[in-house]
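The structure under discussion appears below in the form of structure tokens.
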Amino acid sequence: MSKAKKSQFGLTLLELLVALVISSILVGVAVPSFKNIINSNRMRSKADLLKGALALARSESAKRNLQVSLCKSSNLSSCDNSTDWDQGWIVFVDADADMVRDVGEPILQKFSALSTGYTISASASFADSLAFLPTGALAAGGSVTDGFRICGPDQNTANGRSIFVNAAGRPRITEGVTAC
């Protein structure tokens with residue numbers, strides 16, 4: 001009687017090392033591009049937040065038949081021209097159409113400061129505030145070059161976002177900025 005050999009399945013040490021080296025190379029290639037996707041999505045999220053505030057102000061002005069304004073606000077209760085847009089802003093009913101929140105003018109929504117390292121800079125037309133008329137148009141006019149520039153902690157202009165608001169009051173987001 002001869003004994004049958006039992007088959008053994010498994011990996012040799014050499015096969016395991018080769019698999020590990022190939023895995024390391026693939027991870028090394030994938031991680032940087034994945035990081036770029038994450039940064040791009042974060043920038044898109046910040047831009048969508050501001051675009052949403054603009055859309056809210058525009059629609060509420062038409063709904064209420066009153067001017068609705070946005071202004072920079074670090075305390076989220078009054079306009080603050082000494083701060084930057086990335087420190088927070090408010091959307092409010094601007095009954096007296098002066099683009100400054102007065103006592104009795106209701107705040108429609110508050111937007112707190114962005115995460116550390118993210119910045120929002122505005123064109124001269126929107127330096128401190130902007131307002132929408134009941135028609136949906138900007139109160140102070142505007143051109144296709146008026147808007148906001150949002151940059152992230154990496155200051156990568158390719159990941160930055162621009163939000164332009166035309167004279168009709170329609171905001172749109174574009175990828176990339178000229179400078180951070």
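The values are calculated or read from the model by the stated rules, or taken from the named source; none is laboratory data. Being a predicted model, the structure only gives us computed values, none of them experimental. Positions of Cβ are generated from backbone atoms using ideal geometry, with glycine treated the same way; all protein chains shown enter the neighbour counts. When the accessible area is computed, the model is the full protein with side chains, heavy atoms only, and any ligands, DNA or RNA have been set aside. Shrake-Rupley method; radii C 1.70, N 1.55, O 1.52, S 1.80 Å.
Some points to look at:
- Here the Gaussian network model covers the chain, with springs between Cα atoms less than 10 Å apart; of 66, 16, 49, 16 fluctuates the most.
- Of the three principal axes defined by the Cα atoms of the stretch 118-180, the extents in descending order read 39, 20, 14 Å.
- Counting only alpha carbon atoms, the long axis of helix 13-64 and the longest principal axis of the chain meet at about 10°.
- Pair residue 155, residue 16: separation of 7 Å Cα→Cβ label points (nm): 4.7 nm
- Of the accessible area of the chain, computed with a 1.4 Å probe over protein heavy atoms only, carbon and sulfur atoms account for 58 percent.
- The local environment of residue 164, defined by Cβ-Cβ distances under 13 Å, has a net charge of +3 under the rule Lys, Arg +1 and Asp, Glu -1.
- Sorting 154-165, 95-106, 75-86, 17-28 by average packing, meaning the other beta carbons within 10 Å per residue, from highest down gives 154-165, 75-86, 95-106, 17-28.
- As a calculated quantity, the FRET efficiency between residue 45 and residue 77 at R0 = 30 Å, using C-beta atoms, amounts to about 0.75.
- Accessible area (Å², per residue) of the stretch 1-119, counting only protein heavy atoms and a probe of 1.4 Å: 67 Å²
- Surface accessible to a 1.4 Å probe, residue 35 within the full protein complex, Å²: 130 Å²
- Per-residue ellipticity at 222 nm from helix content only, as computed over the chain with -39500 (n - 2.57) for each DSSP H run of at least four residues, stands at -11000 deg cm²/dmol.
- Orientation-averaged projected area, Cα convex hull of the chain (nm²): 17.1 nm²
- Projected label distance in nm at residue 180 and residue 112, using a 7 Å step from Cα toward the beta-carbon: 2.4 nm
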